[in-house]
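Student: Submitted below is the structure of interest, expressed as structure tokens.
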Amino acid sequence: MIGTTDEGVLKQYYFDAYGRIRNFSDCLLTVSPLLYQQRPRDSDWPSFMPPPQFSTMRHEWHRYQIWGFQVNL
């Protein structure tokens, strides 16, 4: 774990939120990896909450080119 955010807690939050929201809506939902996991090949986020079990989901990937992260891309 880098930083202070517990990835397991974050992912559980997304699972719980998905279940609650799907009780009344099929709206588009997004999940966002932690800042240091913004490269899809460097984490398990691309396979997190996959279809068809989870529908109308998008992953927010952001290529940060400030704060020194561009060297790692």
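A short reminder: the numbers here are calculations on the coordinates, not readings from a lab. Just so it is clear, the model here is predicted, and its values are computed rather than measured. Here Cβ is always computed from backbone atoms with ideal geometry, including for glycine, and neighbour counts include all displayed protein chains.
Student: Starting with the fewest neighbours, write out W45, W61 ranked by other beta-carbon atoms found within 10 Å of each beta-carbon.
Tutor: Values: W45 21, W61 13.
Final ranking by Cβ density, sparse to dense: W61, W45.
Student: Suppose each label sits 7 Å from its Cα in the direction of the beta carbon; what would the Q37-L10 distance come out to in nanometres?
Tutor: Placing both labels 7 Å along Cα→Cβ, they lie 0.6 nm apart.
Student: Take Q53 and F24, extend 7 Å from each Cα along the Cα→Cβ direction, and tell me the distance between the two endpoints in nm.
Tutor: 2.6 nm
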